[in-house]
1. Can you work out ³J(HN,Hα) from phi for every residue in the stretch 8-17, in order, using Karplus 6.51 cos²θ - 1.76 cosθ + 1.60 and θ = phi - 60°, giving whole Hz and x for Gly and Pro?
2. For the residue pair TYR19 and LEU156, what label-to-label distance in nm results when each label sits 7 Å from Cα along the Cα-to-beta-carbon direction?
Amino acid sequence: MIAIFKREMRAYFVSPVGYIFVTVFLLVAGAIFTFTNITAGDTADISSYFMFIIFTFIVLIPLLTMRLLSEEKKSKTEQMLLTSPVSLTGMIFAKFFAAFTLFAATLLISCFNFIVLYKYAATPGQTNTAGLIGNVISVLLIGSAFIAIGLFISALTENQLTAAIISITTILFLLLSGVVSKNIGNTVVRYVIDFLSIFSRFQAFTYGIFDISSVIYYASIVVIFLFLTIRIYEMKRWQ
């Protein structure tokens, strides 16, 4: 498992993918932070910053996950993985943790932006530290859920572009479903969509509230899609 993890981390920086992801993420995060918290003056709201960051995952997360398993099929190395002494669970988790490590490290680096909030706050203690930490935790959880979904989609096709397009569409649907649910008249349908919506569960964290039910929800998505990915490869091993 550790060997595959190291191989995947190395692969991100042997190809341009890792550099593109880190560069684009940090540049976009810096730009969003500037417009939502510096140029906004007294109306600055850190929650708006994180909301926009989450929507950038529509493109950024598929960039991380599109090659994880589809490339194995295309390069004909999939059979080597299926017959290697590493368990399928270990292989899938290694790939997931490689993508999540790069994502989490880049997100934490972007948090250096928040130094400005403390340094130039109009009054001491103005910055809501609890809300800030809550937002970071929620974004990490949402990112992990999207990575698990992207990894599963990558297992379904050998074409990286196809994997990326399907992942983008899926993440876009999951985010927009929570936004448009307010316009749905049917109460039952609206409740179901809100319950399934990844974005709607983000709200509690923005107030510094550690919502354990949301943590369980995001963790469940990760477990479910990693399990489904493992099942796909188990079926291939027995074919």
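A short reminder: the numbers here are calculations on the coordinates, not readings from a lab. Keep in mind it's a predicted model, so treat the numbers as computed, not measured. Every residue, glycine among them, receives a Cβ derived from its backbone with ideal geometry; neighbour counts consider all protein chains shown.
1. 5, 5, 5, 5, 4, 10, 6, 9, x, 4
2. 3.3 nm
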